[in-house]
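A.B. asks: Here it is, the structure in full.
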Amino acid sequence: MDFTLPPEIDDYRRRVRAFVEEHILPLERDPANADEHENLREDVLNTVRARVKAEGLWALQMPKSRGGQGLPVIGMAACYEEMNRSIYGPVCFNCAAPDDGNMMVLEKVATEAQKERWLQPIVDGKVRSSFAMTEPMPGSGSDPSAMLTTATREGDRWIVDGHKWFITGAESARHFILIARTSDDRRRGLSAFLFDADRPGFEIVRRIPIMGPEEHGGHCEVRFDRMEIPDGDRLMEVGDGLKLTQIRLGTARLTHCMRWTGMAKRALEETFDHVRKRESFGSKLADHEGVQWMLGEAAMQVDIGRLLTMRAAARLDAGDFARKEVSMAKVVVSEALHNAIDTAIQLLGARGYSRDTKLEWMYRYARQARLVDGASEVHKMVMSRFLLEEGVDFWSWP
Ligand SMILES: Cc1cc2nc3c(=O)[nH]c(=O)nc-3n(C[C@H](O)[C@H](O)[C@H](O)COP(=O)(O)OP(=O)(O)OC[C@H]3O[C@@H](n4cnc5c(N)ncnc54)[C@H](O)[C@@H]3O)c2cc1C
């Protein structure tokens, strides 16, 4: 078993690391670079993005023919981790959610004409996108079969009516992927569509105030009132909505794990100087066994998460859906992230609770990790189903 990275991927990883160190981390030091939602200001972002393109590090997940770098999922894992050493990193490389997952699913399932119209502008960084699935009670949440938003066929068009929320990026997105109910069939009742932000009948009700810093475009509540979609803007076949969601979420969920591993490492990095230099009760913090256990535990959890992420990445590269591997990584990494940031705040003492470091930003951000793209409990439910179905073969080698 070989745990080394192929040389071409390691070369990308090193270049991403150097870019983040030189061009992105310094931006964190000046609060004027942040917008009112605690993300990178658009004009600053555009300057960095131009530099990323010039360095040949743009859109690592997309094929070279589209202007990307064509990395396999294991390559993305190694590089996304490096990107998220900075809280601003992934969006600078066009590797942030939800564009990242939207681009990958469109590349996999859209027709060539749809790719030109809807995908290419996202890859080029000319527009942003959103994925609209979740609804307020009693609609679709953890269980998509509760979906209430409907798309009803009228000739060669679909008429959409409904209500969704927590749609990331919606305020600044132009291209939307929508999941709506097209029949009452239990397994094939949902379908997927594409639409533009300025389509009549689509309304952003509000940008929902959240606990943490926000992605560009926030997390929005949206309404559909007889919004028309031409049948040509349907993705896949009628009834394939759930299938598309599964195709999207497999890799998209794992990219969260890649980025979160990078953020967890950064949180621990924030402690190094302090624990090495700070004297307490006659010795440095780093020499106290209690501190060593905290750091050792946090470092180990990050590494466990990374191993699970890399295993799932390798399964995805092999063409597998890797459902249980992705679920396992998602649960473990979301907890490792929280634990690493919590540990770092604790070890920095009062300064950890201040805004003099980015730890409090990360702490507020990290709470979403156990909810988005499937709550931890739902992923554990999936794993339990696999266990009971497969018995001891749950742990079999591929
Ligand atoms: C920051 C953020 C960004 C998001 N971005 C998007 C987006 O871009 N597009 C989009 O469509 N959605 C988005 N969401 C929504 C997200 O996908 C949902 O919050 C998630 O699927 C859970 O659905 P829910 O909120 O309706 O919770 P519910 O389904 O009501 O679940 C609530 C809780 O119940 C528990 N639970 C649920 N089912 C089970 C079970 N079977 N067994 C045990 N416990 C269970 C879990 O603890 C869960 O957290 C986002 C959410 C957040 C917080």
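A.B. asks: Just to be sure, is R85 away from the ligand (no atom under 16 Å from the Cβ), assigned to a helix (DSSP H, G or I) and not hydroxyl-bearing (S, T, Y)? Break it down into steps so the answer makes sense when it comes.
C.D. replies: Numbers: away from the ligand (no atom under 16 Å from the Cβ): yes; assigned to a helix (DSSP H, G or I): no; not hydroxyl-bearing (S, T, Y): yes.
When the stated conditions are applied, R85 does not pass them.
A.B. asks: Follow-up. Determine the pairs where a residue that is free of Cβ contacts under 8 Å to residues at least 12 places away in the same chain, located within region 54-82, has a partner that is crowded, with 22+ Cβ neighbours inside 10 Å and not basic (K, R) with Cβ atoms under 9 Å apart, the partner being 6 or more residues away or on another chain.
C.D. replies: Listed by first residue and then by second, the contacts come to G70/L60; G70/Q61; G70/M62.
A.B. asks: Among the β-branched types (V, I, T) and farther than 17 Å from Y80 by Cα: which single residue out of V44, V52 fits that description? Outline the logic, then answer.
C.D. replies: Values: V52 fails: farther than 17 Å from Y80 by Cα.
Just one listed residue meets the conditions, V44.
A.B. asks: Surrounded by 21 or more Cβ atoms within 10 Å (Cβ to Cβ), out of contact with any Lys or Arg (no Cβ under 9 Å at 6 or more places or on another chain) and either more than 26 Å from G89 (Cα to Cα) or in the same structural domain as M381 (by TED's automatic domain parsing) (or both): does that describe A313?
C.D. replies: Values: surrounded by 21 or more Cβ atoms within 10 Å (Cβ to Cβ): yes; out of contact with any Lys or Arg (no Cβ under 9 Å at 6 or more places or on another chain): yes; either more than 26 Å from G89 (Cα to Cα) or in the same structural domain as M381 (by TED's automatic domain parsing) (or both): yes.
It is true that A313 is surrounded by 21 or more Cβ atoms within 10 Å (Cβ to Cβ), out of contact with any Lys or Arg (no Cβ under 9 Å at 6 or more places or on another chain) and either more than 26 Å from G89 (Cα to Cα) or in the same structural domain as M381 (by TED's automatic domain parsing) (or both).
A.B. asks: Modelled with pLDDT of 95 or more, at negative phi and more than 15 Å from the ligand (Cβ to nearest atom): does that describe T134?
C.D. replies: On the way: modelled with pLDDT of 95 or more: yes; at negative phi: yes; more than 15 Å from the ligand (Cβ to nearest atom): no.
Criteria not met by T134.
A.B. asks: Mind checking whether some residue in region 32-51 is more than 25 Å from M362 (Cβ to Cβ) and free of Cβ contacts under 8 Å to residues at least 12 places away in the same chain? Show your work before the answer.
C.D. replies: Here is the first cut: in region 32-51, the ones more than 25 Å from M362 (Cβ to Cβ) are 50.
So of that shortlist, the ones also free of Cβ contacts under 8 Å to residues at least 12 places away in the same chain come out as 50.
Yes: region 32-51 contains one or more residues that are more than 25 Å from M362 (Cβ to Cβ) and free of Cβ contacts under 8 Å to residues at least 12 places away in the same chain.
A.B. asks: Please find, within region 28-53, the residue that is surrounded by the fewest Cβ atoms within 10 Å (Cβ to Cβ) out of those that are in contact with a Cys (Cβ under 9 Å, 6 or more places away or on another chain) and not β-branched (V, I, T). Break it down into steps so the answer makes sense when it comes.
C.D. replies: Taking region 28-53 and keeping what is in contact with a Cys (Cβ under 9 Å, 6 or more places away or on another chain), we get 40, 45, 48-49, 51-52.
Those still in the list that are not β-branched (V, I, T) too: 40, 45, 49, 51.
Values: L40: 23, L45: 19, R49: 17, R51: 15.
By that ranking, first place goes to R51.
A.B. asks: Let me ask something else about it. For region 86-99, check the following and say yes or no: at least one residue is of a type in the set (D, E, K, R), within 20 Å of the chain's Cα centre (by Cα), closer than 30 Å to L242 by Cα and crowded, with 23+ Cβ neighbours inside 10 Å. Step through it out loud before you land on a result.
C.D. replies: Taking region 86-99 and keeping what is of a type in the set (D, E, K, R), we get 99.
Going one step further and asking which of them are within 20 Å of the chain's Cα centre (by Cα), we end up with 99.
Filter once more, so that each one left must be closer than 30 Å to L242 by Cα: 99.
Then keep just the ones that are crowded, with 23+ Cβ neighbours inside 10 Å; that gives 99.
Within region 86-99, one or more residues are of a type in the set (D, E, K, R), within 20 Å of the chain's Cα centre (by Cα), closer than 30 Å to L242 by Cα and crowded, with 23+ Cβ neighbours inside 10 Å.
A.B. asks: So, one more: Step by step: first the residues of region 207-221, then only those that are in a strand (DSSP E or B) and either more than 10 Å from the ligand (Cβ to nearest atom) or modelled with pLDDT under 95 (or both), then the one that is surrounded by the most Cβ atoms within 10 Å (Cβ to Cβ). Which residue is that? Let's see the steps before the verdict.
C.D. replies: Taking region 207-221 first, the residues in a strand (DSSP E or B) are 207, 219-221.
Remaining after also requiring either more than 10 Å from the ligand (Cβ to nearest atom) or modelled with pLDDT under 95 (or both): 207, 221.
Details: R207: 15, E221: 18.
Of everything passing the filter in region 207-221, E221 is surrounded by the most Cβ atoms within 10 Å (Cβ to Cβ).
A.B. asks: Based on what the data block shows, is I229 surrounded by 21 or more Cβ atoms within 10 Å (Cβ to Cβ) and within 30 Å of D185 (Cα to Cα)?
C.D. replies: Numbers: surrounded by 21 or more Cβ atoms within 10 Å (Cβ to Cβ): yes; within 30 Å of D185 (Cα to Cα): yes.
When the stated conditions are applied, I229 passes them.
A.B. asks: Another question about this same structure. Within 14 Å of the ligand (Cβ to nearest atom), closer than 30 Å to I24 by Cβ and either under 21 Å from the mean Cα position of the chain (by Cα) or surrounded by 21 or more Cβ atoms within 10 Å (Cβ to Cβ) (or both): does that describe V378? Write out each step before concluding.
C.D. replies: On the way: within 14 Å of the ligand (Cβ to nearest atom): yes; closer than 30 Å to I24 by Cβ: no; either under 21 Å from the mean Cα position of the chain (by Cα) or surrounded by 21 or more Cβ atoms within 10 Å (Cβ to Cβ) (or both): yes.
Criteria not met by V378.
A.B. asks: Right, another one. Are any of the residues in region 93-107 in contact with a helix residue (DSSP H, G or I) (Cβ under 8 Å, 6 or more places away or on another chain) and more than 19 Å from L254 (Cα to Cα)? Talk me through it step by step, then tell me what you get.
C.D. replies: Taking region 93-107 as the starting set, the residues that turn out to be in contact with a helix residue (DSSP H, G or I) (Cβ under 8 Å, 6 or more places away or on another chain) are 93-107.
Add one more test, that the residue is more than 19 Å from L254 (Cα to Cα), and what stays is none.
No.
A.B. asks: Condition first: surrounded by 13 or more Cβ atoms within 10 Å (Cβ to Cβ) and hydrophobic (A, V, I, L, M, F, W, C). Now tell me which residues in region 128-158 satisfy that.
C.D. replies: Once the filter is applied, which keeps residues that are surrounded by 13 or more Cβ atoms within 10 Å (Cβ to Cβ) and hydrophobic (A, V, I, L, M, F, W, C), region 128-158 yields F131, A132, M133, A146, M147, L148, A151, W158.
A.B. asks: Which of the residues that make up region 361-394 are among the aromatic types (F, W, Y) and in contact (Cβ under 8 Å) with a residue 60 or more places away in the chain?
C.D. replies: Taking region 361-394 and keeping what is among the aromatic types (F, W, Y), we get 361, 363, 365, 386, 394.
Result: W361, Y365, F386, F394.
A.B. asks: Only one of these is within 16 Å of G101 (Cβ to Cβ), buried (at least 20 other Cβ atoms within 10 Å of the Cβ) and either outside the structural domain of P90 (by TED's automatic domain parsing) or among the basic types (K, R) (or both): G305, G250. Name it. Working first, answer last.
C.D. replies: Details: G305 fails: within 16 Å of G101 (Cβ to Cβ).
Just a single option satisfies the conditions, and that option is G250.
The values are calculated or read from the model by the stated rules, or taken from the named source; none is laboratory data. Worth saying up front: this structure is predicted, and the values here are computed from it rather than measured. Every residue, glycine among them, receives a Cβ derived from its backbone with ideal geometry; neighbour counts consider all protein chains shown.
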